[in-house]
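Data block below; observations after.
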Amino acid sequence: MTLKAPASPAAPLPPPAPVTLESPQAIVFTSGTTGRPKGVLLTFGNHFWSATASAYRLGVLLHDRWLSCLPLYHVGGLAVVFRSCLYGTAMVLHDRFDLARFDAALDRDDITLTSLVPTMFYRLLEHRQRPWPASLRAVLLGGAATSPRWWTGKSAGVPMAVTYGADRAASQVATATPALVLRKPGSPGAPLMFDRVRVGDDAGNSVPPGDIGEVIVRGPMIMAGYFDEPEATAHPA
């Protein structure tokens, strides 16, 4: 038998970099609807305050299990990861939206929360043939406007939470709870805790209710700026 010399001890790992709430965590890119895509610089604090405000609106239960199929390069998918880690709750992560697999997971994995864009939700409504699981307490819908017709027919009994958000705000800005959605279908609800939201004109002045304007949001979840674009950061859009 040949004896081998003991392996050299592994080199010690370098100490972790110091992290504060102001430390950059991610750069996510806008869709480019107002021009070319820009890199949104999000900090750990942006995610922390967003997750805190979301928990205050939707609640947190010890047995929560969040089913997510949203891409992690998008703020919607990234937010689910941070919420679950900060809450200490479980997350069931799919690498893509496979309709049959997603539908089966709702029942098999005791899912309590999930995040979808309206197109995904519509396909799920058309596909699903079984009653919705009793464990499901909220389907967070965002990314586009929802149709009032979804509040009848196959969607009846689905606890939908309609949300308005932005990558620049680390996901949610306003969210309607399932109870509010039943009373005011299509409304994204009131701003989350810490958010300040108003509608302004081109000069930034508030406009009366019913007038067309730009949604202006302030709060600790708002991005640190656009990556390497000081001029765009000074005049965000």
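The values are calculated or read from the model by the stated rules, or taken from the named source; none is laboratory data. None of these values were measured; they are calculated from a predicted model. Cβ: placed from backbone, ideal geometry, glycine included. Neighbour counts: every protein chain shown. Areas reflect the complete protein model, heavy atoms only, side chains present, ligands, DNA and RNA absent. Shrake-Rupley method; radii C 1.70, N 1.55, O 1.52, S 1.80 Å.
Rundown of residues vs (1) modelled with pLDDT under 85; (2) more than 27 Å from Ser68 (Cβ to Cβ), yes/no style:
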{"residue": "Leu140", "(1), (2)": "no, no"}
{"residue": "Lys154", "(1), (2)": "yes, no"}
{"residue": "Val158", "(1), (2)": "no, no"}
{"residue": "Tyr164", "(1), (2)": "no, no"}
{"residue": "Lys184", "(1), (2)": "no, no"}
{"residue": "Phe194", "(1), (2)": "no, no"}
{"residue": "Ile212", "(1), (2)": "no, yes"}
{"residue": "Pro220", "(1), (2)": "no, no"}
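Please enumerate the residues belonging to the range 219-233 that are in a loop (DSSP other than H, G, I, E, B) and within 14 Å of Asp167 (Cβ to Cβ).
Once the filter is applied, which keeps residues that are in a loop (DSSP other than H, G, I, E, B) and within 14 Å of Asp167 (Cβ to Cβ), the range 219-233 yields Met221, Ile222, Met223, Ala224, Phe227.
From Gly165, Gly204, Gly157, Gly186, grab the single residue that is closer than 27 Å to Tyr87 by Cβ and assigned to a loop (DSSP other than H, G, I, E, B).
Gly157 is the lone residue from the list that is closer than 27 Å to Tyr87 by Cβ and assigned to a loop (DSSP other than H, G, I, E, B).
Condition check ((1) among the basic types (Lys, Arg); (2) touching a residue at least 60 places away in the same chain (Cβ under 8 Å); (3) surrounded by fewer than 18 Cβ atoms within 10 Å (Cβ to Cβ); (4) within 20 Å of Leu140 (Cα to Cα)) across all residues:
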position	(1), (2), (3), (4)
Thr163	no, no, no, yes
Ala174	no, no, no, yes
Asp195	no, yes, no, yes
Val199	no, no, yes, no
Val215	no, no, yes, no
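Looking at (1) in contact with a Phe, Trp or Tyr (Cβ under 9 Å, 6 or more places away or on another chain); (2) at pLDDT 95 or above, which one does Leu136 not meet, given that it meets all the others?
Of everything listed in (1) in contact with a Phe, Trp or Tyr (Cβ under 9 Å, 6 or more places away or on another chain); (2) at pLDDT 95 or above, Leu136 misses just condition (1).
Need at least 1 residues that are open to solvent by 80 Å² or more (accessible area, probe 1.4 Å) and either without any contact (Cβ under 8 Å) to a residue 12 or more places away in the chain or in contact with a Lys or Arg (Cβ under 9 Å, 6 or more places away or on another chain) (or both) per element, so show me which strands (runs of 3 or more DSSP E) inside the range 1-101 make the cut, counting only ones lying wholly within it.
The qualifying strands (runs of 3 or more DSSP E) are 24-29.
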